[in-house]
Amino acid sequence: MKKKSLPDDEFSKLDVQFCTECQKDLDNFFLSEKSKDIKEVKANHENCKQIGKFKGEMCSKIFIAKMEEELNDFENDSDTD
């Protein structure tokens, strides 16, 4: 069986200041069902920007949700081999 590697991620090559204003909401966020709904995470991010809560260059929750999405895609691709 051919072993696949994870795709190169554009985030891994960047020096990015992540917003962590969510604080406790970030604890175990990757384990929650919320991390699987990228649309909901993006809507939350837009709300943070509107109310002035967003501090940084990238939302930590969006980063986590995108990684979750990529891992799911990777696992689904691996299952078809």
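Amide H to amide H, with H built 1.01 Å from N, C19 comes under 5 Å of E57, M58, C59, S60, counting only residues 5 or more places away or on other chains.
Here, P(r) means the percent of Cα pairs in each 10 Å bin from 0 to the largest distance; for region 39-81 it is 27, 38, 21, 12, 2. For region 39-81, lysine pairs separated by 8 or more sequence positions, or belonging to different chains, with Cα-Cα distances below 13 Å total 4. Electrostatic bookkeeping for C59 treats Lys and Arg as +1 and Asp and Glu as -1; over the other residues with beta carbon under 12 Å from its beta carbon, the sum is +2.
Every number in this text was worked out from the coordinates using simple rules, so none of it is lab data. What you see is a predicted model, and the numbers here were worked out from it, not measured in a lab. So basically every Cβ, Gly included, is an ideal-geometry build from the backbone, and we count neighbours across all protein chains shown.
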